[in-house]
Ligand code: SF4
């Protein structure tokens, strides 16, 4: 997993409460054998005029002009501002995969749905909970200034504005550790690589046939 | 101190690290891969820029989606008609190429159902830990190996670290004493066990199967028993190593090399539970009481001896059971039926990782030899478990016996076990099937599955309905 330390990027305001995972990535895109490539269908129904199909080239599809991420000033967004209960609905891990594939690194909202919140950490995406008033302030600031960038410092647990205003947030220390170091379950196990190697060295003496090459 | 069970020994010999929260890292000696549960795992590796820890610990073959008619198989993966199936099989080929994993692809004679292929190649060995993204991985426990099914994220974890995060299970012994009656096979034994302990009876346990009746089974039979441990709720099924195990492994392509053979055999002899080992639970069955079994409902525990009356919902004391039975009666269309022989069968399927090995095919061929499939049967198919099983069966002339009797002889794969390819039941059709799951819709939408042994399936094909195979053929 890609570590998350400090990130600065363009912020976009998605002014909608209860954004569910089917809005984030509609069900017709779940048949894929991959974890990547979902970015072009992120928010598919909000983003395009027509109904999206899997494996479709999205280049020429008619865009909904009113959708925030379609506006020129928000191109390259990597920090998403959202409203209450972001990520509710089905548990599909495709939702964080789609956000990540699109280029979103952090989502800031007053509250998140549980499973989505957990899934984010597994996929290197940082969900940040701030007070409703704080989120409101950020919405206003982002909307009034084109190219408004936010800095998220995970180690310090703060969101910083270009004016230097800081908002602090809470994060579980174990999750913080994993995210700072880019450790998913696999990453954690790989921290024990020496123990695994030591086991192998001992085992190969006792049962060398278990380590034979298996060629065609 | 009490002695150790076989499961304890296998666990201890693979323990890399015990963690404080009760979980542990255990080392995995062999991971079997197929096309359905591996693509996102490989994708995960790629995304994280990781490499497999040890490629020689993996072996892959497509099985779930592959077509089983010779026509559709002729041009390999390119001939697969269903586009989603084709993508999955192609993706497995590409991933194995990219990561350097040994694969028996669709054109390789060694291709087949992973749980048939692993043991057949000697890739599965006593004393190993074996995992696969498929719940019937318990099959490999027949070799005194610790084997269980895992999910896709765990497939990725094992690829990357060669370890699995696991918690130790409790020990259960299921002992079958005495000798089995004629035509009572491993499948009947395991169905009878599931009938006795229920589909949740083994949850949280590693089940060791023992006793005279189990010890006298061939390796094929032992695999059938362990295969269905999961249908009793246990992720792990085990059988102690003995001469039958060692004789089976000897000379297989991936078996230990001659210079390591004696050392291996020496260590495998330890793979039995100590006499004074303590099990958390012990269940005993008498072999002589077991008759040929047939499932009547929509769960493997809804099983009875072939000539018993089908249990009625209204006779059940427990309200939950009564409701479950009523639902199963309705789904299976049992209204007005008293016995299993009253059901007119539409299809017969002999195959799956439970019963598609050479011994299974021989038993079925013995029954149909010189007879004809009843004309009420719309389709009867025999699907060998691997290309090598198919070749051997053809050497022995079994294919001729089947086709002369009116059964179709197919190419290897999972086929009608889960109906991911074109082999399916239609709504309302009854099927005598040698597979392992009779859930609603498992073999096709609305399809009605009855689980039986290969000999019983063959007898049903001839009679057009269920009968005790002993009535048809002397053993
Ligand atoms: S034969 Fe059936 S149970 Fe066995 S691996 Fe294939 S689909 Fe799964």
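The values are calculated or read from the model by the stated rules, or taken from the named source; none is laboratory data. Only a predicted model underlies this, so the values are computations on that prediction, with no experimental measurement involved. Methodologically, a virtual Cβ is constructed for each residue, glycine included, from the backbone with ideal geometry; neighbour enumeration extends over all protein chains shown.
Computed values, structure above
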read-out: Meets criteria (within 16 Å of the ligand (Cβ to nearest atom), surrounded by 17 or more Cβ atoms within 10 Å (Cβ to Cβ) and more than 30 Å from residue B:107 (Cα to Cα)) for residue B:470; value: no
read-out: Some residue of the range B:438-451 being within 14 Å of another protein chain (Cβ to nearest Cβ), within 16 Å of the ligand (Cβ to nearest atom) and closer than 23 Å to residue B:81 by Cβ; value: no
read-out: Residues of the range B:319-373 satisfying the condition of being within 16 Å of the ligand (Cβ to nearest atom) and either in a loop (DSSP other than H, G, I, E, B) or surrounded by fewer than 18 Cβ atoms within 10 Å (Cβ to Cβ) (or both); value: B:351, B:352, B:353, B:354, B:355, B:356, B:357
read-out: Criterion: in contact (Cβ under 8 Å) with a residue 60 or more places away in the chain, within 16 Å of the ligand (Cβ to nearest atom), surrounded by 24 or more Cβ atoms within 10 Å (Cβ to Cβ) and over 14 Å from residue B:347 (Cα atoms) - qualifying residue of B:454, B:412; value: B:412
read-out: Which listed residue is within 27 Å of residue B:450 (Cβ to Cβ) and touching a helix residue (DSSP H, G or I) at 6+ places or on another chain (Cβ under 7 Å), from B:202, B:233, B:195; value: B:202
read-out: Subset of the range B:125-173 (residues that are within 16 Å of the ligand (Cβ to nearest atom), modelled with pLDDT under 95 and within 14 Å of chain A (Cβ to nearest Cβ)); value: B:133, B:150, B:151, B:152, B:155
read-out: Tally of residues being closer than 26 Å to residue B:418 by Cβ, more than 16 Å from the ligand (Cβ to nearest atom) and touching a residue at least 40 places away in the same chain (Cβ under 8 Å) across the range B:45-93; value: 7
read-out: Every residue from the range B:253-280 that is surrounded by fewer than 19 Cβ atoms within 10 Å (Cβ to Cβ), in a loop (DSSP other than H, G, I, E, B), within 12 Å of another protein chain (Cβ to nearest Cβ) and within 27 Å of the chain's Cα centre (by Cα); value: B:253, B:270
read-out: Failed item, numbered, when residue B:433 is tested on (1) within 16 Å of the ligand (Cβ to nearest atom); (2) out of contact with any strand residue (DSSP E or B) (no Cβ under 9 Å at 6 or more places or on another chain); value: (2)
read-out: Candidates A:66, A:44 - the one that is on the phi < 0 side of the Ramachandran plot, free of Cβ contacts under 8 Å to residues at least 24 places away in the same chain and surrounded by 21 or more Cβ atoms within 10 Å (Cβ to Cβ); value: A:44
read-out: Qualifying residue in the range B:94-102 (condition: in contact (Cβ under 8 Å) with a residue 12 or more places away in the chain, more than 13 Å from the ligand (Cβ to nearest atom), within 11 Å of chain A (Cβ to nearest Cβ) and within 21 Å of residue A:32 (Cβ to Cβ)); value: yes
read-out: The one condition in (1) closer than 30 Å to residue B:216 by Cβ; (2) assigned to a strand (DSSP E or B); (3) touching a helix residue (DSSP H, G or I) at 6+ places or on another chain (Cβ under 7 Å) that residue B:141 fails to fulfil; value: (2)
read-out: Helices (runs of 4 or more DSSP H) lying entirely in the range B:19-108 (those with 2 or more residues that are crowded, with 20+ Cβ neighbours inside 10 Å); value: B:39-48, B:83-99
read-out: Of all residues in the range A:190-216 being at the interface with chain B (Cβ under 8 Å from one of its Cβ atoms) and in a loop (DSSP other than H, G, I, E, B), the one that is farthest from residue A:7 (Cα to Cα); value: A:207
read-out: Residue check, residue B:12 out of contact with any strand residue (DSSP E or B) (no Cβ under 9 Å at 6 or more places or on another chain), surrounded by fewer than 16 Cβ atoms within 10 Å (Cβ to Cβ) and closer than 30 Å to residue B:207 by Cβ; value: yes
read-out: Test: residue in the range B:110-124 that is within 27 Å of residue B:273 (Cα to Cα) and surrounded by fewer than 22 Cβ atoms within 10 Å (Cβ to Cβ); value: yes
read-out: Test result for residue A:33, modelled with pLDDT of 95 or more and in a loop (DSSP other than H, G, I, E, B); value: no
read-out: Unmet requirement for residue B:37, which otherwise passes all of (1) farther than 20 Å from residue A:210 by Cβ; (2) modelled with pLDDT of 90 or more; value: (2)
read-out: Residue match in the range A:1-23 (condition: surrounded by fewer than 20 Cβ atoms within 10 Å (Cβ to Cβ), within 30 Å of residue B:83 (Cβ to Cβ) and modelled with pLDDT of 95 or more); value: no
read-out: Per-region count, the range B:103-119, residues more than 10 Å from chain A (Cβ to nearest Cβ) and within 16 Å of the ligand (Cβ to nearest atom); value: 10
read-out: Hey, residue A:17 away from chain B (no Cβ under 14 Å), over 30 Å from residue B:39 (Cα atoms), touching a residue at least 24 places away in the same chain (Cβ under 8 Å) and part of a strand (DSSP E or B) or not; value: no
read-out: One residue from B:420, B:456 being touching a strand residue (DSSP E or B) at 6+ places or on another chain (Cβ under 9 Å) and either farther than 27 Å from residue B:89 by Cα or not in a strand (DSSP E or B) (or both); value: B:456
read-out: Residue within the range B:384-406 that is in contact (Cβ under 8 Å) with a residue 60 or more places away in the chain, surrounded by fewer than 24 Cβ atoms within 10 Å (Cβ to Cβ), under 22 Å from residue B:184 (Cα atoms) and within 16 Å of the ligand (Cβ to nearest atom) present; value: no
